[in-house]
Structure formats: C-alpha cells, structure tokens
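All remarks here apply to the structure that follows.
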Amino acid sequence: MTTSENAPSGTLPAGAPRRVLGTTGPRVFPLGLGCMGMSALYGEADRAESLATIHAALDAGVTLLDTGDFYGMGHNELLINEALRTASAAAREQALTSVKFGALRTVEGGFSGYDGRPEAVRNFLAYSLQRLGRDHIDIYRIARLDPAVPIEETVGAIAEAVEAGHVRHIGLSEVGADTLRRAAAVAPIADLQIEYSLVSRGIEEEILPTARELGIGITAYGVLSRGLISGHFARDRALSPGDFRGMSPRFQGDNLGRNLDLVEALRKVAQGRGVSVAQTAIAWVLSRGEDIVPLVGARSRERLTEALGALEVTLSAADLAAIEEAVPAGAAAGERYPAAQMAHLDSEH
Ligand SMILES: NC(=O)c1ccc[n+]([C@@H]2O[C@H](COP(=O)([O-])OP(=O)(O)OC[C@H]3O[C@@H](n4cnc5c(N)ncnc54)[C@H](OP(=O)(O)O)[C@@H]3O)[C@@H](O)[C@H]2O)c1
C-alpha cells in the first residue's frame, strides 16, 4: 500500500467536536494522536501503516499530532513531516504539532538527562522546525523539568520563540503544581501533558485542580496505560528488546497478573455496554472534564478506529460507578515508570 493511496481525501468533517486547551490554547479535536510508538519504545513499527494511521486520523478530524524530538532521535518528526507532505492541503492546515524537547540521548538509545537552558531550547527548536518542515510548532514543551535550570528560564525562551512566530503556544510535561504556577507566572501555558488513566490518577488531588485554577488544559497520555488496559494485552505477549514495557513495573510478573485481573473486571463493564475495553478506558478519561484531551497511541488504522469509537460512548453515573468498582483508584500494581525515570518526574515530587 503506498502513502498516496492512503492520503486523506481533503474533506474534513464539518462541525467536528472540539475541546479548548486552557484559556489561551488552541481548539482541538477531543482526541489527539500520539505518534511516539510509530518510532520508538513499543517495538517494531510499520512505516506505511503509521503514515496511513496519521492520514486516517486527520481525515476523521483529529487535529493534534503529538511527538518528541527524541522519539527515535528525530525519526518521529521526519515521519510526521512525510505524513503532512503527502496529506491534502486541508488536512495539513488543520494539523497542529505538539512537540517535546530537552531529552538528551546516547548513541545506544539511552537517556542521559534533560537540557532546558535557553540556548538549548533555541537549538532544539531550530532542528525540530527543519525536521518537521513547518515554519512553526503549535505547542512546544520541555519533556521533563531540567532540575539545573529554573523553569522560568526554559519557559521564557519558549515565550521568546512565540514572540518570534516560531511557536504558537507553550506547554509543559509531567510537572507538579508548584512548577505549573511558576511557569504560568512567566507566560500563558496552554496545556500540561501528563499521564492520566483509570490506573494512573495521581493528578486528581493537586495537579488537576491547580491546572484548572490557572486555566491550563490537560493532554492526557497513557490513557490505555501503554496498552496494559486496552483489552488487547496478553499475559504471555513477547516484547522486543527496547520495548518500554519490558522495563515498566506494571508489566512485570505478579504486577502484570494483578493488573490484567483489573482489565478483566473492566471488560465485564465494557461488555455490558456493548463497547470495547479500550473505548471504555478512553471514554472514562474524556468524562473527567472538557478541559482534558486524551492522546491515543494508535499505530494502526484498526486501533485508531477503535479509539475514535470512544467519542460515541457517553458514560452514565451507573456506568462510572461500575467502572470505579472494577478499577478502584490506586488499584494498579507497580509504579508507572522504573525508579530511575520516576526520579525525573517533577509531578511525583
Ligand atoms: N509527556 C510524556 O512524558 C509522554 C510519555 C509517553 C507518551 N507520551 C505521548 O502520549 C502518546 C500516547 O502514549 P502511549 O502511546 O503510551 O499511550 P497509550 O495510548 O496508553 O498506549 C498505546 C498502546 O496501546 C495499545 N493499544 C491497544 N488498543 C489501542 C487502541 N484502540 N488505540 C490506541 N492504542 C491501543 C497500542 O498497542 P499496539 O500498537 O501494540 O496495538 C499501543 O502500544 C504517545 O504517543 C506520546 O506522543 C507523552
């Protein structure tokens, strides 16, 4: 199958639903497409299918394409570049790029810290614009707080890029309430990108209320807990080397078994509603507020179609109670990242 055969038709759905990211951010389709798994961290990806998935998402009205310059060391941005180049003009115009920067990588694929210095921001940005083939990035954010650089300096450098027209909006990723406040005092923040799902509800106590107080939207990632609660993850699934899930505490031994038991409880609720487990998990995140936009990590048109089906699911109070009983807050076994990566999460301190 060639890319052009799968290019979007250019007929975008009229009156497609929208959510607004914060008080100053863009209007976006209620689901964003997270492109990470098309280049890294979830094993081999199929390039033609990845491109077809991006095109199908744009055709369905999806606006937000999320990436990071470190996803496959530039590979993901180049993939998005190709997808947009081969899309219709209408689809290309509607696409909004959300880019994370700052992660330092090694040749072997390791992560060796974060760099949020203003000169690093300008450098990362120059490379990303070139790789994406765009004259601006719609939302730009550091992937993790650089503990050596005050957030005011990092956000200040992005604010200068906004002034210069290279960036439209400023975002943040995995930061806690204090950092949100400090950043918002420097410049308007459109959204906080952070893990949020039935099994990762850490933001509910302090971070989400703070974001709401400050008028900052949420782009939620890991809404399927990286496939764990998608209903498709098998207990005996073989993972290739380099697959994040091979190191993730939630996918190990007893933890995996306990977490998949939660999924089976969720499956019963989903079956009662005649929808899939993944749709139930995505619909649950959508139900948490109009200011929350789930980023789904679909890597195939089949998974994308399933994810988009979540938009048709309205959960009643009884459904929400049944979901809560199946997967109570805090029920997941294992942390959401390995210890070394947890240490980089300002949101967890
Ligand atoms: N800011 C951050 O720190 C951060 C961290 C991680 C991710 N992100 C962003 O958030 C995006 C989403 O994260 P994620 O990929 O970890 O989250 P996810 O959507 O929870 O997980 C994606 C995984 O779920 C599986 N899956 C099964 N059914 C699916 C369905 N119907 N739709 C979509 N996926 C389905 C996919 O498996 P198969 O492909 O094997 O079918 C894929 O491996 C990423 O692409 C990235 O852009 C941000």
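Structural remarks
- Every pair of residues 6+ apart whose Cβ atoms lie under 9 Å, when the first sits in region 189-215 and is under 18 Å from Leu295 (Cα atoms) and open to solvent by 20 Å² or more (accessible area, probe 1.4 Å) while the second is in a strand (DSSP E or B) and within 10 Å of the ligand (Cβ to nearest atom): Gly202/Ile194; Gly202/Glu195
- Of all residues in region 231-245, those that are loosely packed, with under 12 Cβ neighbours inside 10 Å, farther than 15 Å from Gly257 by Cα and either among the polar types (S, T, N, Q) or within 11 Å of the ligand (Cβ to nearest atom) (or both) total 1.
- For region 203-230, a residue qualifies if it is aliphatic (A, V, I, L, M) and within 14 Å of the ligand (Cβ to nearest atom), and the qualifying residues are Ile203, Ile207, Ile218, Ala220, Val223, Leu224, Leu228, Ile229.
- Residue check for Asn76: open to solvent by less than 10 Å² (accessible area, probe 1.4 Å) and closer than 23 Å to Thr219 by Cβ: yes
- Region 247-263, residues that are over 14 Å from Ala322 (Cβ atoms) and either within 16 Å of the ligand (Cβ to nearest atom) or buried (at least 21 other Cβ atoms within 10 Å of the Cβ) (or both): Met247, Ser248, Pro249, Arg250, Phe251, Leu256, Asn259, Leu260, Val263
- Output for region 57-72, where each listed residue is open to solvent by 30 Å² or more (accessible area, probe 1.4 Å) and within 15 Å of the ligand (Cβ to nearest atom): Ala60
The values are calculated or read from the model by the stated rules, or taken from the named source; none is laboratory data. The model shown is predicted, which means the values in this text are computed figures rather than measured ones. With ideal geometry, Cβ positions are generated from the backbone for all residues, glycine too; neighbour counts draw on all protein chains shown. Surface accessibility is based on the protein's heavy atoms, side chains included, excluding ligands, DNA and RNA. Shrake-Rupley method; radii C 1.70, N 1.55, O 1.52, S 1.80 Å.
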